[in-house]
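Below is one structure, written out as structure tokens; the observations come after it.
The values are calculated or read from the model by the stated rules, or taken from the named source; none is laboratory data. It should be emphasised that the depicted structure is a prediction, and the values quoted were computed from it without experimental measurement. When we count neighbours, we look across all protein chains shown, and the Cβ atoms used for this are built from the backbone with ideal geometry, even at glycine.
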Amino acid sequence: MRNIITIIVRLTLSCLIAAFVIGLCFVLTSKAKKHNEHVNEEKVIYSLLGYKGDAHPPESLKLSVLYRYVVSDPHGKSIGYLVPTGQGETTAFSFIRLDLDGNLIDQKQVAVGAEDAVEQEGRDKAIQAALGPGAELTYADKTIIVTENGNRISYLVTGKFPGFKTFVSVMLALKPDFSVRGLAILEQEEDPGLGAEIEKDYFKNQFIGKSFETLKTLDVVKEPIPEEYLKALESRLQKEEAAKIREQFKDHAIYALTGATISSRSVTNGISGTVKKFAYRLNILDKVIKDQKIVVPF
Amino acid sequence: MANDKTSMQLVANGILKENPIFRLALSMCPAVGISTTVMNGFMLGIAVLFVQVCSSVTISMVKNLIHPRIRIPTYTLTIATWVTVIDMVLAAYLPEAYAKMGIFVKLIVAFAIITMRLEMFACKEPVGASFWDGLGMGLGFMIGMMTIGLVRELLGSGAILGYDVLGFKPLLFFILPCAGFFVVGLMMAFFNYIEVFYKRKKGFTS
Amino acid sequence: MNLSRIRLIAIVALFCSFLPGLVHGADLISQQSFGEKNEIVLKFAAEVDKLKAGNINNYTVFEEQDPDIRLELVSATPNYAGTAVSLRFKEPLNTAHTHIVTVKNLGGVEKATATVSQSYLGYLFSILISALLINNFVFTKYLGLCVFFGTSKRKTTAKGMGVVFTLVIVASATMSWFFFNFILIPYNLNFLEIVVFIGLVSLTVQAVDTILRKVNPILFNSFGVYLVLVIANCVIIAVPLMMANNKYNFYETFMLALGAGGGFLLALYLMSSVSERMQLARIPPTFKGLPIAFIVAGQFAMAFLGFSGLKIF
């Protein structure tokens with residue numbers, strides 16, 4: 001009996017010590033983790049916009065983030081966008097609700113600070129408070145609109161679609177006419193050496209420069225990449241020369257990766273679908289914002 | 001219970017004589033799974049080194065307090081604690097490398113090598129010796145992982161540490177997941193061959 | 001045979017509650033399913049006006065998570081009797097997503113909605129098959145290798161280990177699911193997952209050990225030795241971690257654990273069959289033991305690579 005008690009006491013004690021160590025570590029690292037995630041995301045965004053390494057983005061460059069939600073309430077489903085409002089430094093946020101045909105339902109002020117809006121938890125809470133009870137929120141995705149001196153220069157769109165094995169998540173930089181400016185693969189778990197090559201320049205750079213019209217019907221061909229195009233894609237050529245070759249292949253289908261046609265095809269279809277959906281939604285939102293004369297920073 | 005080996009001997013023992021991967025053939029999962037590049041091997045090696053050293057030292061410090069009946073649960077708890085710590089640290093400060101290693105960092109908790117060293121060494125020896133032994137084992141694991149990574153990266157993608165050295169890709173096969181088995185098998189056979197060769201030579205001279 | 005049929009019926013009964021898509025078909029639409037690549041087939045409870053049923057403007061179809069984006073219809077073809085209609089779309093449908101079809105002004109009903117999704121059972125089955133073959137834990141995920149090479153020398157050992165392992169993994173994964181969803185998530189204690197999962201595994205092993213010793217000593221004598229080895233197996237901790245990563249629900253977790261255990265059993269059995277033959281073969285002395293085992297495992301892994309991309313549903 002005494003034996004059992006000693007065992008229990010010692011086991012509890014060691015559990016407590018372990019919990020203390022783990023808890024301490026959690027407290028110390030959780031902040032750094034969030035910070036690093038944020039820094040990482042910013043790095044991806046700026047490199048997509050062409051500010052790599054030491055090149056600092058100019059002050060006039062501004063990122064406005066739109067968060068899209070699907071709202072379900074007793075009347076049915078609607079789409080909601082959390083948009084920053086006002087010119088210059090944004091402090092106010094509005095939640096614009098559209099019905100499924102793209103007509104405005106209502107627009108509500110959301111009391112949330114710019115810092116809290118970045119974190120999903122605080123954002124959801126603030127929107128829920130603005131909408132009142134009865135409405136159920138589902139976070140869908142976020143879009144970043146990049147402006148320079150008030151002119152839109154780029155859209156950053158995230159997309160997630162099934163690849164060959166699991167999901168592939170990407171971030172696309174689009175020009176205002178929805179042609180592709182850059183592509184970054186954020187997450188993928190394809191086979192190394194085969195499907196994982198979608199991360200390589202010679203595959204993902206093929207999307208750069210594809211116009212919206214081309215993207216809509218973009219196909220994948222099982223042919224080897226022509227040598228000069230490969231060089232241009234891997235940036236092994238002079239800038240002017242590379243640009244010329246890229247121009248030549250601008251409307252060409254995507255060359256599939258060797259041994260990973262399905263991965264190539266799912267990425268191509270996924271990107272095409274993401275851009276199509278985004279263009280459709282943005283046009284609707286822009287029209288509403290214009291009609292309602294909502295002042296937005298983008 | 002003084003140990004008659006010096007600290008350097010203990011480290012060398014872990015790296016050469018009782019190398020966890022090639023000699024003891026323990027903890028093979030990561031050796032096959034993510035040893036596609038030298039860098040991956042190095043990062044996981046660091047994680048294992050940390051967990052091994054910390055657990056060895058912890059167990060060695062409290063070895064007189066552990067009730068014999070709950071020996072194994074205490075080991076598991078210690079290892080799990082340190083694995084959680086390194087998991088959180090890596091996730092926070094090296095997110096890119098962490099993403100590449102995927103689930104394997106968390107799986108360190110089930111690595112036989114760590115439990116084995118605790119049971120065989122740390123629970124009997126003083127703190128200092130346990131530290132050196134843990135260091136040796138961790139380094140041995142790291143070096144094993146990096147060697148496999150070196151072979152696979154060089155043959156599979158013609159590069160070392162991400163730098164293109166060959167300029168072409170000799171055999172794409174080596175970077176494919178299943179090649180890990182072949183590389184480990186062939187390297188084990190190679191080490192066996194050296195041992196046999198060495199013994200034979202020694203036998204002739206003496 | 002009989003047992004498996006009973007089990008199947010039990011599973012069907014269990015999952016029926018999980019199939020809002022089949023039960024919730026409104027009154028007008030009695031059955032709905034995906035047809036060919038770009039087709040949805042609706043069956044009506046009663047005969048409907050064929051002219052109206054053939055008008056594509058009466059239908060709106062969208063994917064559940066994108067309710068604002070309507071899928072473009074090309075044609076709606078009612079069958080001769082007017083009891084079914086085939087909707088064809090401009091682009092192939094993504095059948096992994098749930099589609100919602102709304103029908104207007106048809107058969108005297110102003111509006112009827114139907115949810116079209118792949119059958120949930122099929123999805124669960126695909127998780128099982130995926131863990132068993134496509135993502136076999138030993139040959140394509142490289143987990144549990146220490147135990148794999150240790151216990152695959154003889155067929156009887158392999159079978160014993162595989163069965164014990166499957167039992168333990170199913171039990172511990174289901175327990176982990178409860179812990180994860182009812183304790184770790186609500187209290188935001190995700191970072192404790194490693195400690196909790198490994199603790200549950202040890203607990204399960206200890207429990208199986210004690211129960212087997214008391215209930216069936218004969219079985220314990222033949223299987224008991226493998227129980228200790230189970231703890232040192234990475235698969236057993238990988239399954240709960242994957243469950244936590246993918247946020248699987250209870251049935252999915254169960255299937256994943258079953259697939260993982262079954263896959264391990266399969267791998268052990270295959271390997272032990274080869275090992276028994278290899279004892280008779282003339283192997284170069286440097287390759288004896290582990291090296292040749294690794295090379296054989298590599299060949300199996302290559303063979304299993306052929307399963308990747310296999311889609312059953």
Quiz item: Is there a residue being surrounded by 17 or more Cβ atoms within 10 Å (Cβ to Cβ), under 22 Å from A:Gly23 (Cα atoms) and out of contact with any His (no Cβ under 7 Å at 6 or more places or on another chain) anywhere in the stretch B:8-19?
Solution: no
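Each row is one residue, and each column tells you yes or no for (1) crowded, with 18+ Cβ neighbours inside 10 Å; (2) among the hydrophobic types (A, V, I, L, M, F, W, C); (3) within 14 Å of chain B (Cβ to nearest Cβ).
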{"residue": "C:Arg213", "(1), (2), (3)": "no, no, no"}
{"residue": "C:Asn216", "(1), (2), (3)": "no, no, no"}
{"residue": "C:Asn221", "(1), (2), (3)": "no, no, no"}
{"residue": "C:Ala238", "(1), (2), (3)": "yes, yes, yes"}
{"residue": "C:Tyr248", "(1), (2), (3)": "yes, no, no"}
Quiz item: Is it the case that the stretch B:50-63 has a residue that's more than 20 Å from the chain's Cα centre (by Cα) and not in a helix (DSSP H, G or I)?
Solution: yes
Quiz item: Out of the stretch C:250-274, which residues are closer than 24 Å to B:Tyr193 by Cα and more than 14 Å from chain B (Cβ to nearest Cβ)?
Solution: none
Quiz prompt | Lone qualifier among B:Tyr93, B:Tyr75 - being surrounded by fewer than 23 Cβ atoms within 10 Å (Cβ to Cβ), over 19 Å from B:Gly140 (Cβ atoms) and free of Cβ contacts under 8 Å to residues at least 40 places away in the same chain | solution = B:Tyr93
Quiz prompt | Positions within the stretch C:207-251 being of a type in the set (S, T, N, Q) and either in contact with a Ser or Thr (Cβ under 7 Å, 6 or more places away or on another chain) or over 18 Å from C:Thr166 (Cβ atoms) (or both), in sequence order | solution = C:Thr210, C:Asn221, C:Asn245, C:Asn246, C:Asn249
Quiz item: Considering only the stretch C:86-111, how many residues are more than 32 Å from the chain's Cα centre (by Cα) and either modelled with pLDDT of 75 or more or part of a strand (DSSP E or B) (or both)?
Solution: 7
Quiz item: So, in the stretch A:217-243, of the ones that are surrounded by 14 or more Cβ atoms within 10 Å (Cβ to Cβ) and under 15 Å from A:Arg265 (Cα atoms), which residue ends up nearest to the chain's Cα centre (by Cα)?
Solution: A:Leu218
Self-check item: Sole exception among (1) closer than 23 Å to B:Met28 by Cα; (2) of a type outside the set (Phe, Trp, Tyr); (3) in contact with a Phe, Trp or Tyr (Cβ under 7 Å, 6 or more places away or on another chain); (4) within 10 Å of chain B (Cβ to nearest Cβ) for C:Val228, by number
Solution: (3)
Self-check item: Filter result (closer than 25 Å to A:Gly182 by Cβ and either modelled with pLDDT under 85 or surrounded by fewer than 13 Cβ atoms within 10 Å (Cβ to Cβ) (or both)) within the stretch A:14-39
Solution: A:His35, A:Glu37, A:His38, A:Val39
Quiz item: Could we say that B:Arg69 is within 10 Å of chain A (Cβ to nearest Cβ), in contact with a helix residue (DSSP H, G or I) (Cβ under 8 Å, 6 or more places away or on another chain), on the phi < 0 side of the Ramachandran plot and not aliphatic (A, V, I, L, M) here?
Solution: yes
Quiz item: Restricting attention to the stretch A:226-249, which residues are touching a Phe, Trp or Tyr at 6+ places or on another chain (Cβ under 8 Å) and of a type in the set (Asp, Glu)?
Solution: A:Glu234
Practice problem: Report yes if some residue within the stretch B:148-162 is under 29 Å from B:Thr6 (Cβ atoms), more than 9 Å from every other protein chain (Cβ to nearest Cβ) and part of a helix (DSSP H, G or I); otherwise report no. | Solution: no
Quiz item: What residue, of A:Lys142, A:Lys175, A:Lys165, A:Lys200, is over 17 Å from A:Ser263 (Cβ atoms), among the charged types (D, E, K, R) and either modelled with pLDDT under 85 or within 13 Å of the chain's Cα centre (by Cα) (or both)?
Solution: A:Lys142
Quiz item: Does B:Ala122 meet the test of being touching an Asp or Glu at 6+ places or on another chain (Cβ under 8 Å), within 14 Å of chain A (Cβ to nearest Cβ) and farther than 18 Å from A:Ile22 by Cβ?
Solution: no
Quiz item: In this structure, does A:Val44 turn out to be more than 27 Å from B:Ile79 (Cα to Cα), more than 10 Å from chain B (Cβ to nearest Cβ) and hydrophobic (A, V, I, L, M, F, W, C)?
Solution: yes
Exercise. Name the one entry in B:Gly144, B:Gly136, B:Gly140 that is within 14 Å of chain C (Cβ to nearest Cβ) and at pLDDT 85 or above.
Key: B:Gly144
Practice problem: Would you mind finding the one in C:Phe139, C:Phe197, C:Phe148 that is within 19 Å of the chain's Cα centre (by Cα), within 14 Å of chain B (Cβ to nearest Cβ) and crowded, with 19+ Cβ neighbours inside 10 Å? | Solution: C:Phe139
Quiz prompt | Qualifying position, being within 13 Å of another protein chain (Cβ to nearest Cβ), among the hydrophobic types (A, V, I, L, M, F, W, C) and out of contact with any helix residue (DSSP H, G or I) (no Cβ under 8 Å at 6 or more places or on another chain), among B:Ala179, B:Ala112, B:Ala99 | solution = B:Ala99
Quiz item: Do you know which residues across the stretch B:160-202 are farther than 19 Å from B:Leu24 by Cα, surrounded by 15 or more Cβ atoms within 10 Å (Cβ to Cβ) and in contact (Cβ under 8 Å) with a residue 40 or more places away in the chain?
Solution: B:Ile160, B:Ile175, B:Pro177
Quiz item: without any contact (Cβ under 8 Å) to a residue 12 or more places away in the chain, outside any strand (DSSP E or B), away from every other protein chain (no Cβ under 14 Å) and surrounded by fewer than 17 Cβ atoms within 10 Å (Cβ to Cβ) - does that describe any residue in the stretch A:129-149?
Solution: yes
Exercise. Among residues belonging to the stretch B:24-39 that are surrounded by fewer than 24 Cβ atoms within 10 Å (Cβ to Cβ) and in a helix (DSSP H, G or I), point out the one that is modelled with the lowest pLDDT.
Key: B:Gly33
Practice problem: Determine whether C:Asn38 is within 13 Å of chain A (Cβ to nearest Cβ), touching a Phe, Trp or Tyr at 6+ places or on another chain (Cβ under 9 Å) and among the polar types (S, T, N, Q). | Solution: no
Quiz prompt | Hey, C:Ala301 small (Gly, Ala, Ser), crowded, with 17+ Cβ neighbours inside 10 Å and closer than 30 Å to B:Glu195 by Cα or not | solution = yes
Quiz item: For the stretch A:192-233, what are the residues that are assigned to a loop (DSSP other than H, G, I, E, B), within 25 Å of B:Ile175 (Cβ to Cβ) and away from chain B (no Cβ under 14 Å)?
Solution: A:Lys222, A:Glu223, A:Pro224, A:Ile225, A:Pro226
